[in-house]
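Shown next, in structure tokens, is the structure this report addresses.
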Amino acid sequence: MNELKYINAGDLCIAYECNGNTKGIPVILLHGFPYDIRAYDSVTKLLSTGNYWVIVPYLRGFGATRFLSDTTIRSGQQAALAYDLIALMDELSIEKALIAGYDWGGRVACIVSAIYPNRVIGLVSASGYCIQNIANSIEPVNPELEKLYWYQYYFHTERGRLGLLKYRKELCKILWNDWSPTWKFDNATFDSSAISFDNPDFVEIVIHSYRHRYGLVDGDPKFEAMEQELSIQPKINIQTIVLEADSDGVVPFSEIDYDSPFFTGDYERRIINGAGHNLPQEAPEEFTKAIIALINK
């Protein structure tokens, strides 16, 4: 485990772990919901032998990351998380980085790669192209897919908000099991991440995220310009490796690559067999190989 550091960036005091090799190539690893930076422990260890400056931040609402002001809107919208990453890079004086992520972290990585391509060396996304199409969110999908999103619809209700508040760890453990059916994690592994859900802003950020993506609540006005840029589903024109897990319980695997039209740069899709949604923790070797492959191109 690397040293936990803190830096004021944008709206947050961001807590992050890094390996201290500030002369190395910056590699930023972004976790998802409901996970935390422990998902990258094996990846950071595998990267430790190379000349990389590995940075793993807690997203807003997770772990030791805190808001600097009590009056800041506790927004979980996609643009807010992307803003946090750019603010972190600015404060760390990182001009360009290799950005990798999954779930929420994959979305952040995709957004920054699309809107700020000059800040990105390469993109590893274990969530494909996942920039939200909020205007189209009202369109239903096949019921076999709809039932997988029960937690999102649950969070749209006051009962769901109270349920997450009261049973955050129990609920999140169900999601871990459902989303990674082949991953036999133990209680200690889950508990090491679940402490991050005790963040005082966790529930508010999560609820706002899942309501905003369906257009049910307003976002923070200062992110409106970025949300407008994202509403056109911008293409990503940088070198990218997309990792697809064949046992993902959130987005069922398909042999058809529906995401490829959104990537207009050097693009590769790799299938990871026997893994679920939490790819860096379930398949750290494959995740690490994708990072190194892009850096070495």
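The values are calculated or read from the model by the stated rules, or taken from the named source; none is laboratory data. Note that the structure is predicted; figures quoted are calculated from it, not measured. We place every Cβ from the backbone using ideal geometry, glycine too, and count neighbours over all the protein chains shown.
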Practice task
Scan segment 192-205 and give yes if some residue there is more than 20 Å from PRO284 (Cα to Cα), in a helix (DSSP H, G or I), aromatic (Phe, Trp, Tyr) and in contact with a Pro (Cβ under 8 Å, 6 or more places away or on another chain), otherwise no.
Solution key: yes
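Rundown of residues vs (1) within 22 Å of VAL141 (Cα to Cα); (2) assigned to a loop (DSSP other than H, G, I, E, B); (3) more than 18 Å from the chain's Cα centre (by Cα); (4) at pLDDT below 95, yes/no style:
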site	(1), (2), (3), (4)
VAL217	yes, yes, yes, no
LYS222	no, no, yes, no
MET226	no, no, no, no
ILE232	yes, yes, yes, no
ILE238	no, yes, yes, no
ARG269	no, no, yes, no
GLU285	no, no, yes, no
LYS289	no, no, yes, no
LEU294	no, no, yes, no
Handout entry: Residue check, GLY101 at pLDDT 95 or above and farther than 18 Å from PHE202 by Cα
Key = yes
Fill in the blank from the handout: Expected single match for more than 27 Å from GLY274 (Cα to Cα) and in contact (Cβ under 8 Å) with a residue 60 or more places away in the chain among GLU229, GLU244 is GLU229
Completion exercise
Of (1) among the hydroxyl-bearing types (Ser, Thr, Tyr); (2) touching a Phe, Trp or Tyr at 6+ places or on another chain (Cβ under 9 Å); (3) within 21 Å of ASP36 (Cβ to Cβ), SER192 fails just (2)
Practice task
Determine if segment 250-257 includes at least one residue that is farther than 21 Å from VAL56 by Cβ and in contact with a His (Cβ under 6 Å, 6 or more places away or on another chain).
Solution key: yes
Handout entry: Where a residue in segment 9-23 is over 22 Å from ALA82 (Cα atoms) and its partner, wherever it lies, is assigned to a loop (DSSP other than H, G, I, E, B), with Cβ under 8 Å and at least six apart
Key = ASN19/ASN2; ASN19/SER48; GLY20/ASN2; ASN21/ASN51; LYS23/ASN51
